[in-house]
Amino acid sequence: RVSFMNNQKPQKPTLSGQRFKTRKRDEKERFDPTQFQDCIIQGLTETGTDLEAVAKFLDASGAKLDYRRYAETLFDILVAGGMLAPGGTLADDMTRTNVCVFAAQEDLETMQAFAQVFNKLIRRYKYLEKGFEDEVKKLLLFLKGFSESERNKLAMLTGILLANGTLNASILNSLYNENLVKEGVSAAFAVKLFKSWINEKDINAVAVSLRKVNMDNRLMELFPANKQSVEHFSKYFTEAGLKELSEYVRNQQTIGARKELQKELQEQMSRGDPFKDIILYVKEEMKKNNISEQTVVAIIWSSVMSTVEWNKKEELVAEQAIKHLKQYSPLLAAFTTQGQSELTLLLKIQEYCYDNIHFMKAFQKIVVLFYKAEVLSEEPIL
């Protein structure tokens with residue numbers, strides 16, 4: 001009996017007493033966008049359609065409500081009047097407000113006033129910038145779920161916000177969604193958007209914004225692949241009253257074609273391709289991309305001069321230049337069939353000699369060489 005009791009393990013001591021409650025700040029608050037929505041909608045209902053009062057209400061509410069956590073809900077309400085379900089529809093059982101973009105009048109002045117509401121809100125609460133950008137990207141993907149009037153209002157508002165810098169042009173990536181493009185929604189939306197954007201700024205400011213995010217050469221992607229031509233783009237946007245956008249895209253296309261032409265020319269020259277093949281290629285590119293002979297002769301001159309490592313000594317560079325240019329004179333002669341092209345070439349030679357000091361004394365010799373090789377004629381020289 002004694003040995004049995006000795007073998008029993010002693011019981012481990014246990015702590016007993018009151019468990020402390022978790023401190024308030026350590027408790028994870030439940031995500032409840034519905035309650036947040038009710039607070040915002042109630043406030044908007046009280047302000048009515050006075051957008052100055054709306055801006056003041058939103059400013060004051062940021063101190064009481066968690067805008068950082070409920071940014072998507074906040075922007076859904078301000079744009080659509082309530083929380084949006086996937087696809088862009090408003091849930092039937094949700095409370096709504098008419099103090100929103102979609103319920104407003106469809107005109108530029110009203111959208112400018114709404115843009116001010118967003119500007120003031122985001123200036124006051126800088127952390128909302130990213131949330132707002134994500135919201136607009138989402139709204140653009142939901143375009144098919146909105147009515148035509150709602151899409152028009154959203155397009156005008158987006159154009160104004162792009163113009164004043166509240167939004168970055170990268171949000172336009174959402175418009176390249178395959179379904180939106182296929183059904184013509186993207187192109188129709190872009191018309192309204194660019195009209196309000198250009199109305200606020202001008203085509204040059206729009207071009208700068210597009211270039212910053214590498215979208216200056218992607219505008220034709222607003223159409224399906226079988227319609228991605230300068231002609232189709234130009235016709236569509238010119239008929240919609242956006243001739244300046246059509247011309248901008250045409251110019252961009254030409255600039256791109258020129259760069260490609262110069263790159264290919266330099267490769268052909270470095271390979272030593274026969275001149276007849278080079279001339280044939282250049283003439284095809286001129287026809288295909290509507291490039292003038294004056295533009296082409298300037299590109300050829302630039303390409304010819306970039307294929308050589310020039311001597312640094314002034315007395316030797318003239319001799320080197322004459323030898324090099326004599327070789328390429330048949331190529332240049334093929335694209336100086338007009339007086340204007342000859343004049344363009346002369347000006348390019350002059351600019352090159354001014355920009356490269358070692359060539360200053362070579363100018364006269366180059367002109368004489370081209371005259372003898374029938375690249376230049378007497379009249380343009382005189």
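The values are calculated or read from the model by the stated rules, or taken from the named source; none is laboratory data. Every value quoted in this text rests on a predicted model; they were computed, and no experiment measured them. Here the Cβ positions follow ideal geometry from the backbone for every residue, glycine too, while neighbour counts run over all protein chains shown. Side chains included, ligands, DNA and RNA excluded: accessible areas come from the protein's heavy atoms. Shrake-Rupley method; radii C 1.70, N 1.55, O 1.52, S 1.80 Å.
If you check every pair at least six apart or on different chains, which have Cβ atoms under 9 Å apart with a residue in the stretch 284-308 that is assigned by the TED database to the domain that holds Y328 and modelled with pLDDT of 90 or more first and a residue that is open to solvent by 30 Å² or more (accessible area, probe 1.4 Å) and among the aromatic types (F, W, Y) second?
W301/Y352; S302/Y352; M305/Y352
Restrict the check to the stretch 338-346 and report whether at least one residue is touching a Gly at 6+ places or on another chain (Cβ under 8 Å) and either loosely packed, with under 14 Cβ neighbours inside 10 Å or assigned by the TED database to the domain that holds D277 (or both).
No, the stretch 338-346 contains no residue that is touching a Gly at 6+ places or on another chain (Cβ under 8 Å) and either loosely packed, with under 14 Cβ neighbours inside 10 Å or assigned by the TED database to the domain that holds D277 (or both).
When residues of the stretch 312-356 are filtered for being farther than 13 Å from T295 by Cα, touching a residue at least 40 places away in the same chain (Cβ under 8 Å), polar (S, T, N, Q) and assigned to a helix (DSSP H, G or I), how many remain?
Number of matching residues: 1.
Anything in the stretch 72-83 that is among the aliphatic types (A, V, I, L, M) and either outside the structural domain of F102 (by the TED database) or touching a Phe, Trp or Tyr at 6+ places or on another chain (Cβ under 7 Å) (or both)? List them, or say none.
L74, V79, A80 - these are the residues of the stretch 72-83 that are among the aliphatic types (A, V, I, L, M) and either outside the structural domain of F102 (by the TED database) or touching a Phe, Trp or Tyr at 6+ places or on another chain (Cβ under 7 Å) (or both).
Given (1) assigned to a helix (DSSP H, G or I); (2) open to solvent by 10 Å² or more (accessible area, probe 1.4 Å), where does K126 come up short, assuming only one miss?
(1)
Being closer than 14 Å to E231 by Cα, open to solvent by less than 70 Å² (accessible area, probe 1.4 Å) and not hydroxyl-bearing (S, T, Y) is the filter here; which residues of the stretch 245-275 pass it?
Selection gives L245, V249, Q252.
For the stretch 303-328, what are the residues that are open to solvent by 100 Å² or more (accessible area, probe 1.4 Å) and farther than 20 Å from G272 by Cβ?
Scanning the stretch 303-328 gives K312, K313, E315, E319.
Taking the options K138, K153, K144, K120, name whichever one is assigned to a helix (DSSP H, G or I), in contact with an Asp or Glu (Cβ under 9 Å, 6 or more places away or on another chain) and surrounded by 20 or more Cβ atoms within 10 Å (Cβ to Cβ).
That would be K153, the only listed residue that is assigned to a helix (DSSP H, G or I), in contact with an Asp or Glu (Cβ under 9 Å, 6 or more places away or on another chain) and surrounded by 20 or more Cβ atoms within 10 Å (Cβ to Cβ).
Scan the stretch 56-68 for residues that are surrounded by fewer than 20 Cβ atoms within 10 Å (Cβ to Cβ) and either more than 29 Å from the chain's Cα centre (by Cα) or not assigned by the TED database to the domain that holds M156 (or both) and jot them down.
K56, F57, D59, A60, S61, G62, A63, K64, L65, D66
Can you pull out the residues in the stretch 74-96 that are modelled with pLDDT of 85 or more, open to solvent by less than 10 Å² (accessible area, probe 1.4 Å) and not in a helix (DSSP H, G or I)?
Passing the criteria: G81, G82.
Are there any pairs with C-beta distances below 6 angstrom linking a residue in the stretch 150-161 that is under 11 Å from L140 (Cα atoms) to a residue that is part of a helix (DSSP H, G or I) and of a type in the set (K, R), with the two at least 6 apart or on different chains, and if so which?
A155/K192
Looking only at residues in the stretch 347-382 that are aromatic (F, W, Y) and within 40 Å of the chain's Cα centre (by Cα), which one is surrounded by the most Cβ atoms within 10 Å (Cβ to Cβ)?
Y352
Mind counting the residues in the stretch 82-132 that are closer than 18 Å to R151 by Cβ and among the aliphatic types (A, V, I, L, M)?
9
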